[in-house]
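The values are calculated or read from the model by the stated rules, or taken from the named source; none is laboratory data. Just so it is clear, the structure is predicted and the values come from calculations on it, not from any experiment. In this analysis, Cβ positions are derived from the backbone assuming ideal geometry, glycine residues included, and neighbour counts consider all displayed protein chains. Accessible surface is based on the protein model in full, side chains and every heavy atom, while ligands, DNA and RNA are left aside. Shrake-Rupley method; radii C 1.70, N 1.55, O 1.52, S 1.80 Å.
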Amino acid sequence: MKLTLNSNPDGGYDKKVVEEARAFAQEQVAPHAEKWEREGTYPEKTVRQAMAKFGALLVPKSMGGRGETATTFFHVLEEFGKVDIGFSISFVVQCNFTLIVSMGQNAGLRDRYLPDLMTGKRLGSFCLTEPQAGSDAAALETMATKKGDGWEISGRKSWIISAAQAEVVGIFAKTDERPGTGSIALFVSEAGRPGLKAGKPYELISGNATNVTDLTLEKFPVKSDEMMFEPGAGFKAAMQALDAARIGISAICNGALAAGLDHALDYAGKRKAFGSSLLEKQGMQWEFADHVTQLEAARLLTYRAAALLDRGEASPVMSAHAKKFANHAVVDGLVWAMRSMGANGSLRSSPLARLLGGAQLLFQTDGTPEILNLVIGRSLLKSRS
Ligand SMILES: Cc1cc2nc3c(=O)[nH]c(=O)nc-3n(C[C@H](O)[C@H](O)[C@H](O)COP(=O)(O)OP(=O)(O)OC[C@H]3O[C@@H](n4cnc5c(N)ncnc54)[C@H](O)[C@@H]3O)c2cc1C
């Protein structure tokens, strides 16, 4: 039994692109995902291939991209989420970086990097988080100091995907000691210069294909024309990119939940106990039914947020609703999927352990449920003041 793609309530996605993504995920990612996970391999070649096929979807045609709808792109992510979360995050961070470069204030710098980033010829790293500044990204301390015509950047970043592989680096840094976000700029430059050092990949409970690491900057030289967003605008761009990225994480959650439930439903249809299949027991049907309802609700929120983005009415609050709901739905649903398979649910030979470990990581990426509640809560306060 396969849970089919939900119809998009607002229409507007390219089915052919989504079918290509499904084929790519099944043929290029699924057969290798467990090996990448166990060996902690960053699937560099496959990430580059995925970028070559799907990295330009969101880039406007005027910039050489495909100008597809966000809804199409999120359907692509749902297909990737069905096979592996580690790979999906590795891919989506490249797309987020490409998106922020395409939005850049510095047209010369944008045109220098965008063609290679959106086709996977070069990989980028999105360097916002620091050891002391996670959810509270405004507390970042990395400092860009004027040096001759350009800048020297020093500081420490943490939890950076593809930090060791990226050829292009996007660094959020302060340009002076002023408290607040008014001095936070985004610099984009070549990663291969002295002064930039990636640490060893963290050992994660799952999602090891991300090769997420620390990144140390010691007087990292940046040229005068490598400021993509000016002080103040850098932080706003990061927040705008995160709002869109949250919908992408929701789509990955939904894909993982659909795949996990499919896997467990196949098993429940075949496994006999007390004279009939598990799926024939009303108790089992009802539990599955509740999680399928959660999945459909998560998809509706995801594609509602996507449709608003496509209509030019991007809503940070709707992105927050979508991600928070999908985060909880996928973890609850995968825990049930494992439980419904009895002892067999715990075997590493099923994809559920990898999906569940990855789903747990998705609580942290691009805003935790608590931070999303801050966004929603502030909007409630504003509506009453
Ligand atoms: C797999 C993975 C990949 C990542 N990739 C990148 C990347 O490529 N680039 C990058 O820059 N970052 C990346 N990150 C970092 C991610 O953005 C941070 O983990 C996230 O911002 C949360 O920060 P933190 O982990 O420091 O948690 P903290 O901010 O320390 O939060 C800890 C807990 O406290 C809660 N909390 C915090 N503040 C509040 C509050 N005001 N009210 C209530 N509760 C609160 C949080 O919800 C959380 O549960 C990645 C993370 C993961 C897990």
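The C-beta contact set for the stretch 45-64 (first residue under 13 Å from residue 88 (Cα atoms), second residue aliphatic (A, V, I, L, M) and in a helix (DSSP H, G or I), distance under 7 angstrom, 6+ apart or interchain) comprises 46/29; 54/21; 54/76.
Here the stretch 328-349 is the region considered, the condition is being crowded, with 19+ Cβ neighbours inside 10 Å and among the small types (Gly, Ala, Ser), and the residue that is nearest to the ligand (Cβ to nearest atom) is 329.
How many residues does the stretch 198-229 contain that are in contact with a Pro (Cβ under 6 Å, 6 or more places away or on another chain) and not polar (S, T, N, Q)? Total meeting the criteria: 1. Of the helices (runs of 4 or more DSSP H) entirely within the stretch 47-140, those holding at least 2 residues that are within 12 Å of the ligand (Cβ to nearest atom) and hydroxyl-bearing (Ser, Thr, Tyr) occupy 85-102. In this structure, does residue 158 turn out to be assigned to a strand (DSSP E or B), near the ligand (Cβ under 9 Å from one of its atoms) and either at negative phi or modelled with pLDDT under 95 (or both)? Against the criterion (assigned to a strand (DSSP E or B), near the ligand (Cβ under 9 Å from one of its atoms) and either at negative phi or modelled with pLDDT under 95 (or both)), residue 158 qualifies. The set of residues from the stretch 212-241 being in a loop (DSSP other than H, G, I, E, B) and open to solvent by 20 Å² or more (accessible area, probe 1.4 Å) comprises 223, 224, 225, 230, 231. Restricted to the stretch 358-385, and to residues there that are among the polar types (S, T, N, Q) and part of a helix (DSSP H, G or I), the residue that is farthest from residue 161 (Cα to Cα) is 383. When 205, 161, 171 are checked against the criterion of being hydrophobic (A, V, I, L, M, F, W, C), open to solvent by 10 Å² or more (accessible area, probe 1.4 Å) and within 20 Å of residue 103 (Cβ to Cβ), a single residue qualifies: 161. Which of the residues spanning the stretch 174-208 are closer than 29 Å to residue 80 by Cα, assigned to a loop (DSSP other than H, G, I, E, B) and out of contact with any strand residue (DSSP E or B) (no Cβ under 7 Å at 6 or more places or on another chain)? 203, 204, 205, 206, 207, listed by residue number. Count of the stretch 269-306 residues, restricted to those that are among the small types (Gly, Ala, Ser), in contact (Cβ under 8 Å) with a residue 12 or more places away in the chain and surrounded by fewer than 21 Cβ atoms within 10 Å (Cβ to Cβ), is 2.
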